[in-house]
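The values are calculated or read from the model by the stated rules, or taken from the named source; none is laboratory data. Everything numeric here is computed off the predicted structure, so don't read it as measured data. Because the Cβ atoms are built from the backbone with ideal geometry, glycine has one as well, and the counts that use them run over all protein chains shown. Remember, those area values only see protein heavy atoms, side chains included, never the ligands or the DNA or RNA. Shrake-Rupley method; radii C 1.70, N 1.55, O 1.52, S 1.80 Å.
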Amino acid sequence: MKDASPQTIHLSDYQPYPFAVERVDLTFRLAPRATRVASRIAFAPNPARPGRHDLFLHGEKLRLLSARIDGAPIPAEVVTITDEGLTVTASALPDGPFLWEAEVEIDPEGNTALEGLYMSGGIYCTQCEAEGFRKITYYPDRPDVMAPFGVRIESDLPVLLSNGNKAAGGAGWVEWDDPWPKPAYLFALVAGNLVNLPDTFTTRSGRKVELNIWVRPGDLDRCAYAMDSLIRSMKWDEDAYGREYDLDVFNIVAVDDFNMGAMENKGLNIFNSKLVLASPETATDLDFERIEGVIAHEYFHNWTGNRITCRDWFQLCLKEGLTVFRDQQFTSDMRSGPVKRIEDVLTLRARQFREDMGPLAHPPRPDHFVEINNFYTATVYEKGAEVIGMLKRLVGDDGYARALDLYFDRHDGDAATIEDWLKVFEDATGRDLAQFMRWYTDAGTPRLSVAEDWAPGDQGGTFTLTFTQTTPPTPGQDEKPPRVIPVAVGLLNPNGDEVVPTTVLEMTEATQSFAFQGLASRPVASILRGFSAPVVLEHEVAATERAFLLAHDTDPFNRWEAGRALAKDVLVRMVTDGADPSADHVAALGRLLTDDTLDPAFRALCLRLPSEDDLAQTLADAGLTPDPDHIHKARETLARTVAERLVRPLALTYDAMADTGPFSPDAAAAGRRALRVAALAFLNRVDGGGRARALFDTATNMTESAAALACLIEAGRAEAALSAFHDRWQGNRLVIDKWFMLQAVHAAPADAAAVAERLAAHPGFDWKNPNRARALLGGLAANHAGFHAASGAAYRFYADWLLRLDALNPQIAARLSTAFETWARYDADRQALIRAELERIRQTPGLSRDLTEMAGRILGG
Ligand code: TRP
Ligand code: ZN
């Protein structure tokens, strides 16, 4: 498809574009197989690149119909066209400003990669980030080229949308004008038979903004939660960051076929429909929470991403890390801070730590790439957000607020860099952040080990914590100098009172000690409170001390963390020494379960056992070879033991948490349902699926319905329920995605590959729809013991589908290929099986640049 030996792009090669774009005007004449795009682009020399330069415009898969400069056709001998774009020789260009006019033809219906202009269920839509605009017309498709855009759309379809404000319209045409200069990746166009949920928002300076959520006619009754989330986001960004919206209209469109979650196009956000559409019967509480978070995320990009964008794609975490950090703060304010923090750390460890410990490890700001779409990663997003959290801890809330004000002030309208970002913190706070920069440039998760010392004395004792940091090598980076690590610590005395409240210790050396003096007795240390840095804490702690922290820690995150560490210690011993579950651990879980002073959502998180993938990572990190079957059995045994010993409190909790009154998606109600279904998952191991069956038949919300179905699948009693669920929800693509996903995730490990194969043959398996493909393949990969079944059947099935998907949609195939990133953890046989699949993929002729890069990097070379 693309060239055979793809080029590596290096940060160090950055050069400004030789021309400025002063204005762009586009006309689209829409037709499914032959859309015409006419462009008028006003170029001027860029003073940052003196001298005469060739004009290079990106362009891929375009049929060029005409091109003129200053009204004159361009002689063929001064133009070169390749797979990547078009070059006009410098000597053929006017000395000063000039006007480029061209017309191209493109094929939206044939666009299965879902990048550029494509069709989803009869709707024309676009996805231009990162480098999709070059599939729409010839253009300098790079984020540091910013221009105001005018767009005219000609079509008979009833709704025609683009960026900015509507300028004019008539029968069969509409014109949009976006006054804010923007890079091409923020361009968007939507056309279709859509209906809208309208609303309005008045900004604090009095601008009245028209809001719309556009969907297909049947989906209008599931937009209210997204609209409510949007309005709360707009208000929050004014209150928390002083940021107002800057156009007369803000449009959101939901489409069914979308490669990622959503996209922040200026004034016209485009969403995967799963992140817009929700009703109690069709969406789980997790879906509601994600919708709220992603609506906020895309809206927040209007300032952190759009008004201030990235100079080049190496700076991606400038907008993504900051916008994730902001959406996390928002969710934390809307819901529960501690619960949100625990959820975020769970995701960070499951996705980013996993990435950082394997062959795909890269820094939040990479310095080279082959395909930029492969760098929309957990490291860029989630670790990018963690790095900002550390910065905020180091400079304090006031310092952070001053730095952000300066950032918006100084860089509004810029295409900025990570250096610019850190400079505003230095200038606003007077702090030297040279060492902090390593968090952006160095890959790998630091290991932070802690030793404790207690010296009693007449004036009270001294408690000393000695920390040592080391970061294992990552691909291409062997040397890991020490980083600055903010370590939040609190000390408790033996009766549970806090004797030293949370203090941030700043570690800057490889090894460093911190002493606390004048203590009446040896304290218990609560270290890395709130998960103050994205590190692996190596702290040898007796089970009794973990249980003490689980019962008494005043920091909710560390309270949860103590329970999780306890569970991990137990599970690791069960796997490695064949130990039995710990009675003390189970008793501690029982006390939490029944502690009505605790938030049910928090209790649900405490009941959640560490995942099998997490245990495999933990074992590998300790130099052991994880056996997926043993891990699965140990976790099952522990779950069953908890269920047997706590059957009474679990049953009481299950009943007590039942919904009374009408459905609410709010955090309190969702927390009660979370605790209820967590109890159900345990009870299901001892009641033969009885409660799950009853709940499945009566549930009025998707959280309970899906949880009951998952339990029935695990109990091997799901046949009738699966067909009832399918019949009921046949018309709803998003719910049928769940039907596929649940069966793949909860299949017994020995059957997982066969179940997946059967599902792939189901007439409803529309593999061209990314959500459907992800439901089945992502579901199988999430079934740890099933995916890693010793036969290799799941590996083979999975690789076959990656190849099939790659020919259609390289982004999706490349993203799904990360299921194989952990191969080096496992035994020689499994390693050989996975490597053989990756080699087979890599050697397939015509493989995309995306999957070529991924297979090569995962294999390690
Ligand atoms: N900028 C989007 C976001 O984080 C991400 C995104 C949406 C994207 N669609 C994409 C990235 C396609 C790459 C390719 O909000
Ligand atoms: Zn984003």
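Highest mean first, the peptides 622-633, 269-280 sorted by other C-beta atoms within 10 Å per residue fall in the order 269-280, 622-633. When the alpha carbon gyration tensor of the chain is reduced to an equivalent ellipsoid, its three semi-axes come out at 45, 32, 27 angstrom, largest first. The long axis of helix 719-729 is offset from the longest Cα principal axis of the chain by roughly 40 degrees.
Using per-residue counts of other Cβ atoms within 10 Å, averaged over each peptide, order 34-46, 473-485 from highest down.
Highest mean packing first, the order is 34-46, 473-485.
Shape descriptor for the stretch 98-219: Rg over Rh equals 0.97 (Cα atoms; Rh from the Kirkwood inverse mean 1/r). In sequence order, what are the phi-derived ³J(HN,Hα) couplings for the stretch 767-777 according to the Karplus relation 6.51 cos²θ - 1.76 cosθ + 1.60 with θ = phi - 60°, rounded to whole Hz, with x for glycine and proline? Calculated HN-Hα couplings, in order: 6, 6, 8, x, 4, 6, 4, 5, 4, 6, 6 Hz. In the chain, a dipole from Cβ-located charges (positive for Lys and Arg, negative for Asp and Glu) runs towards its positive end, and of A416, N373, I736 it is I736 whose Cα lies farthest in that direction.
Each residue was assigned an accessible area with a 1.4 Å probe, and for H58 the value is about 30 Å². Share of carbon and sulfur in the accessible area of the stretch 87-208 stands at 48%, probe radius 1.4 Å.
Using the Cα centre as the reference, give the magnitude of the dipole from point charges on the C-beta atoms of the stretch 502-553 (Lys, Arg: +1; Asp, Glu: -1; all else neutral), rounded to the nearest 20 debye. Charge dipole, the stretch 502-553, about its Cα centre: 180 debye, nearest 20.
Using only alpha-carbon positions in the stretch 730-861, the gyration tensor eigenvalues give semi-axes of 23, 18, 11 Å once each is multiplied by 5 and square-rooted (largest first). Taking the Cα centre of the chain as reference, the dipole from Cβ charges on Lys and Arg (+1) and Asp and Glu (-1) amounts to some 1140 debye.
For the stretch 655-726, the direction-averaged projected area of the alpha-carbon convex hull comes to 4.6 nm². This model, with +1 at the C-beta of Lys and Arg and -1 at the C-beta of Asp and Glu, gives the stretch 740-829 a dipole about its Cα centre of some 280 debye.
Note on the stretch 1-193: semi-axes of the ellipsoid equivalent to its C-alpha gyration tensor, largest first and rounded to whole Å, are 27, 19, 16. The residue list P47, G71, A562 was ranked by how far each Cα lies along the charge dipole of the chain toward its positive end, using unit charges on Cβ atoms, and A562 comes out on top. Projecting the Cα atoms of A361, L86, F820 onto the dipole axis of the chain, where Lys and Arg carry +1 and Asp and Glu carry -1 at the beta carbon, places F820 farthest toward the positive end.
Across the stretch 175-225, counting alpha-carbon atoms alone, Rg and Dmax equal 14.1, 36 Å.
The residues of the stretch 1-193 expose on average 41 square angstrom of accessible surface per residue, using a 1.4 Å probe on protein heavy atoms. Once you divide the Cα radius of gyration of the stretch 304-353 by 2.2 N^0.38 Å, the number left is 1.33. Taking every alpha-carbon pair in the stretch 767-821 and binning the separations at 5 Å intervals from zero gives 4, 22, 34, 24, 12, 4, 0 percent. Label sites at E540 and R648, each approximated as a point 7 angstrom past Cα along Cα to Cβ, lie 4.0 nm apart.
Extents of the stretch 241-362, largest first, come to 46, 44, 32 Å (Cα atoms, principal axes, whole angstrom). When DSSP beta bridges are limited to those with both residues in the chain, what percentage is antiparallel, rounded to the nearest 5? Here the share of antiparallel DSSP bridges comes out near 80 percent.
Solvent exposure of the stretch 739-861 amounts to 34 Å² per residue of accessible area, where only protein heavy atoms count and the probe is 1.4 Å. Between D333 and R23, the contour length at 0.36 nm per residue exceeds the alpha carbon distance by 107.6 nm.
With the simple spin-label model, which puts each label point 7 Å out from Cα in the Cβ direction, the R522 to F765 separation comes to 5.9 nm. Per residue, the solvent-accessible area of the stretch 302-447 (1.4 Å probe, heavy atoms of protein chains only, all protein chains present) comes to 28 Å².
Mean separation of Cα pairs under 8 Å and 6 or more residues apart, divided by the residue count, gives the chain a relative contact order of 9 percent. Note the angle between two axes, namely the Cα long axis of helix 667-683 and the longest principal axis of the Cα atoms of the chain, as a number of degrees from 0 to 90, rounded to the nearest 10. Approximately 60 degrees, to the nearest ten.
Taking Cα atoms only, the orientation of helix 828-842 departs from the longest principal axis of the chain by about 10 degrees.
Amide hydrogen proximity for A167: with H placed 1.01 Å from N in the peptide plane, the residues at 5 or more positions away or on another chain lying under 5 Å are E175, W176, D177. Placing a label point 7 Å from the Cα of F514 along the Cα-to-Cβ direction, the residues of the stretch 428-453 with a backbone N closer than 18 Å are 436, 446-453. Projecting the alpha carbon convex hull of the stretch 726-801 along each direction and taking the average yields 4.5 nm².
For the stretch 340-459, with all protein chains in place and a probe radius of 1.4 Å, 44% of the accessible heavy-atom surface sits on carbon or sulfur. Extending 7 Å from Cα along the Cβ direction at A168 and again at L505 yields two label points whose distance is 6.9 nm.
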